[in-house]
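Working notes, structure below.
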């Protein structure tokens, strides 16, 4: 089965390209163009009044889409920002004690790794790292203010187990549990209904939500972090008539907002979600499509000498395959010369599969790999 008709603009921009990095930069479907144009048209026709629409029906629709995807009981716990790093800063700012005692996996993304290293350097944080399989045990044995874990590790594709065990530790007075879902959101079915009152969850539209940059979100559990110290005027958007000197906060997820932002990502997100609904495409169906392509690829054993770090096992799985070898950078460069887009993280070559791929694309990739010598 093919879904290429949903991606005519992106695929047509470079018809000979094989883009197997959907986990890094997912190609934009045509629906995202429709959403982007709607944002422009609203800005032109409504001018200043556009914010009533953005913070009204556009915002509400985006919250509804995400809440439905994650089985959240209340869409109002969701706020939006241009990137997830904004939310990390605001969550940390809401913890009053210093240094903040932080537990994280040893495979977190560069943004978290760099920021946390700087906070440790500045005396703002004390960081304990644990292997993904040991995170829950370490959390239960130690005393922490913040526990941060990716739902799915960006480099290896490993799925973090025991999120329910981490959630059981969470308290409004600490520790707080933050799940970075960027590589899991819409790549695997995610039901947060049982732990939504306990954990923070952050992700964005850049990858499997297919909405592009600038539309990230945070689910913030009620009663946790009511007054982030890093804050913008949108966090009290409901009441601009507070007495001078009063710092008010919205009672829901909007307490984590900053200031004026580019709303076009929300329009793209909504348009893509509408497309998925019209096509009867769920995360489960898309995952099945990608899993079949992964099996087709692996059945040919095309990367001899590379170690597959995340072999499919019938359970929830990343949308990419991670292959480890000293030759990974050379293979990445050789494929790039043939207009095949993958990506490499150190000695790990990642090959990602998306809705815009079909069996012919995988066959072309396999043929190119057979012709590629290092």
> Given a Förster distance of 30 angstrom, what is the FRET efficiency for residue 193 paired with residue 111, based on the Cβ-Cβ distance and rounded to 0.05?
Replying inline: 0.60
> Going by the alpha-carbon gyration tensor, a ≥ b ≥ c the square roots of its eigenvalues, is region 309-374 rounded (a/c under 1.5) or, if a/c is not under 1.5, prolate (a/b greater than b/c) versus oblate?
Replying inline: oblate
>> I'd like the orientation of helix 328-337 relative to the chain: the angle between its Cα long axis and the longest Cα principal axis, in ° from 0 to 90, rounded to 10.
In response: 70
>> If I model a spin label as a point 7 Å beyond the Cα along the Cα-Cβ vector, how far apart are those points for residue 143 and residue 282 in nm?
In response: 4.6
>> Just to be sure I understand: if I project the alpha-carbon convex hull of region 1-81 onto a plane and average over all orientations, what area do I get in nm²?
In response: 7.7
> Going by how many other beta carbons lie within 10 Å of each one, how would you line up 337, 285, fewest first?
Replying inline: 337, 285
>> With just the Cα atoms defining each centre, how far is region 73-101 from region 10-37? Give it in Å.
In response: 30
> For region 196-309, what relative contact order do you get, as a whole percent, if you take Cα pairs closer than 8 Å and at least 6 residues apart?
Replying inline: 22
> Calculated from DSSP H runs of 4 or more alone, at -39500 (n - 2.57) each and per residue, what is the 222 nm mean residue ellipticity of the chain, nearest 500?
Replying inline: -10500 deg cm²/dmol
> Please state the relative contact order of the chain as a whole percent: Cα pairs under 8 Å, 6+ residues apart?
Replying inline: 24
> At a Förster radius of 51 Å, what calculated FRET efficiency corresponds to the Cβ-Cβ distance of residue 2 and residue 173, to the nearest 0.05?
Replying inline: 0.45
>> Once R0 is set to 45 Å, what does the formula 1/(1 + (r/R0)^6) return for the Cβ-Cβ distance between residue 134 and residue 336, expressed as a FRET efficiency to the nearest 0.05?
In response: 0.80
> Measuring from centroid to centroid over Cα atoms, what is the spacing of region 342-367 and region 249-271 in Å?
Replying inline: 33
> Classify the chain: rounded, prolate or oblate, from the alpha-carbon gyration tensor (a ≥ b ≥ c, eigenvalue square roots; a/c under 1.5 rounded; otherwise prolate if a/b is larger than b/c)?
Replying inline: oblate
>> If I model a spin label as a point 7 Å beyond the Cα along the Cα-Cβ vector, how far apart are those points for residue 46 and residue 260 in nm?
In response: 1.6
>> Can you tell me, using C-alpha contacts under 8 Å and at least 6 residues apart, the relative contact order of region 1-89 as a whole percent?
In response: 17
> With labels modelled as points extended 7 Å from the Cα through the Cβ direction, what inter-label distance (nm, one decimal) is found for residue 372 paired with residue 122?
Replying inline: 4.1
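Here, each number is a calculation from the coordinates, and none is a lab measurement. Computed from a prediction, not measured in an experiment: that's the story for all the values here. Cβ sites come from the backbone with ideal geometry, for glycine too, and all protein chains shown count toward neighbours.
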